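Novice: Supplied in structure tokens, the structure appears directly below.
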Amino acid sequence: LGVVTEIILKVIPLPPFRSCLSAGFASMPDAAAAIQKIFAAGFLPSAMELGDAFTLEAAWKRTDNPIFKGSKAHLILELDGQENSVRGEAKQIAQILREAHALSLQTANGAEECERIWDVRREFSYGLKDTGLKKLNNDIVIPRGKLEEFFVFTDQLQKKYGVPVACFGHAGDGNIHTNVMVVPDDPQQLEAGKKAVDELFRKVIEWDGKITGEHGIGLAKLPWWEMGTSPEERELHRRVKQALDPSGIMNPGKFV
């Protein structure tokens, strides 16, 4: 939209202590149900990430890390703040995860241990790349209360179109990277993948979600631009574009 020439940022001190919890579940809906229980109990983790069975299998083939085996969904969350408070909350959340039928559970305290947990999450995208399949990469956002239903829907979607749908991402705010995985040189797979993406976006919009949370509309999502936004939102985009680029010289000829 424009070029930013100067930014002034206000920084705050890092939290003095971190704890992470890593839990495996039998299914993505089970993991999503556990997430709802954590929020319902009044906890607000600073990060909450989730990966599905296809993603875990791909990461395991890449790393041979046993943490990826034995479950069909994996949840990672982090707490930060004062040490006594963080340790206490971690223990309470661990109990919630056990009661939510976690198949495995690991707690990490302190920055060094937490980073080892996050190394697991960092393998997700690399693992999917190693499959050799083409990612039709989508970063949809849905209301957090729809997470369980969403993962039931994506399971049905991959069965309907015969292509894997690999889900991982930011479960704490409903921003899930939903990757339709297709054989890159197979026209039938590519067509099936496009149909799956269309149905995905239509369902997300039906649930009052958004077709992108981070990556932006771009040209790839242009066909769903009007469907996924209100007239007021589109007008706001035009005003921002006009303010940043009144002469229309930056990336001209596009849809805003």
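Novice: I'm trying to understand the selection: among the residues of region 210-235, which are basic (Lys, Arg) and either exposed (fewer than 11 other Cβ atoms within 10 Å of the Cβ) or more than 24 Å from TYR161 (Cβ to Cβ) (or both)?
Specialist: Within region 210-235, just ARG234 meets the criteria.
Novice: A further question follows. For LYS135, all conditions in the list (1) outside any strand (DSSP E or B); (2) at pLDDT 95 or above; (3) basic (Lys, Arg) hold save one; what is the number of the exception?
Specialist: Failed condition: (1).
Novice: Among the residues of region 240-252, is there at least one that is exposed (fewer than 14 other Cβ atoms within 10 Å of the Cβ), of a type outside the set (Lys, Arg) and at pLDDT 95 or above?
Specialist: no
Novice: Consider TRP207 carefully, then state whether it is surrounded by fewer than 19 Cβ atoms within 10 Å (Cβ to Cβ), modelled with pLDDT of 95 or more and of a type outside the set (A, V, I, L, M).
Specialist: Answer is yes for this residue.
Conditions tested, residue by residue: (1) farther than 24 Å from ASP198 by Cβ; (2) crowded, with 17+ Cβ neighbours inside 10 Å; (3) not basic (Lys, Arg).
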position: GLU113; (1), (2), (3): yes, no, yes
position: ARG116; (1), (2), (3): yes, no, no
position: ARG122; (1), (2), (3): yes, no, no
position: LEU136; (1), (2), (3): no, yes, yes
position: GLU148; (1), (2), (3): no, yes, yes
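Novice: Another question about this same structure. Can you name the residue in region 202-256 that is among the acidic types (Asp, Glu) and touching a residue at least 12 places away in the same chain (Cβ under 8 Å) and is also nearest to ASN175 (Cα to Cα) among such residues?
Specialist: GLU214
Novice: Further question on the same structure: May I ask you to list the residues in region 193-249 that are of a type in the set (Ser, Thr, Tyr) and within 27 Å of VAL183 (Cα to Cα)?
Specialist: Answer for region 193-249, where residues must be of a type in the set (Ser, Thr, Tyr) and within 27 Å of VAL183 (Cα to Cα): just THR212.
The values are calculated or read from the model by the stated rules, or taken from the named source; none is laboratory data. Since this is a predicted model, take the numbers as computed values, not measurements. Cβ coordinates were reconstructed from backbone atoms using ideal geometry, including for glycine residues, and neighbour counts include every protein chain displayed.
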